[in-house]
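A.B. asks: My questions all concern the structure below.
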Amino acid sequence: SERIALVFSGRQVIGPDGRVLTRRGYPGGREGRLAARDVVAACVRRGTNLLGEPGAVLMRKALVDRVGAFDATNPYVIDLDYWFRLLAHGDAYYCEAELASFRVWPQSWSVEIGGNQGREFRQFIGNQHG
């Protein structure tokens, strides 16, 4: 039977001083069930992780036990790789409310990775179809 593989929410990106820099959510922003294939296609089309950081995503332990651990082969797309692996087992559910925050610092790893991220994303997507 069809199942929900993961649930994700809107989130806030906050700066070092705690001020909200931006808000992120799924394009279209409608709360509810999303077909796995549509979520994967949207991420590929936009070239980014639309589901968010691990703090904004929930999944069943039983599914995690089946899918296994995060794969750090491509560290810049580690989250998206895992979300895609989970979505092979069911759909997503989006909660529009901002239930998580993600803090960025000028010297943080997330800020420094920009140059390599695009190249690794393209390589990751190429591997999905190969």
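The values are calculated or read from the model by the stated rules, or taken from the named source; none is laboratory data. Everything numeric in this text was worked out from a predicted model, so none of it was measured. Heads up, the Cβs are rebuilt from the backbone with ideal geometry, glycines too, and the neighbour counts pull from every protein chain shown. With ligands, DNA and RNA removed, areas are computed over all heavy atoms of the protein, side chains included. Shrake-Rupley method; radii C 1.70, N 1.55, O 1.52, S 1.80 Å.
A.B. asks: Which order do you get for 93, 26, 82 if you rank them by accessible area with a 1.4 Å probe, largest at the top?
C.D. replies: Putting 93, 26, 82 in descending order of accessible area: 93, 26, 82.
A.B. asks: What does a probe at residue 97 reach in segment 9-24, counting residues whose amide N is under 16 Å from the point 7 Å along Cα→Cβ?
C.D. replies: Residues 9-12 fall inside that zone.
A.B. asks: Can you send over the solvent-accessible area of residue 65, 1.4 Å probe, protein chains only, in Å² to the nearest 10?
C.D. replies: 100 Å²
A.B. asks: Residue 3: accessible area at probe 1.4 Å, nearest 10 Å²?
C.D. replies: Roll a 1.4 Å probe over it and residue 3 shows about 120 Å².
A.B. asks: At residue 71 and residue 42, where each label point lies 7 Å from the Cα along Cα→Cβ, what is the point-to-point distance in nanometres?
C.D. replies: For residue 71 paired with residue 42, the spin-label model returns 2.4 nm.
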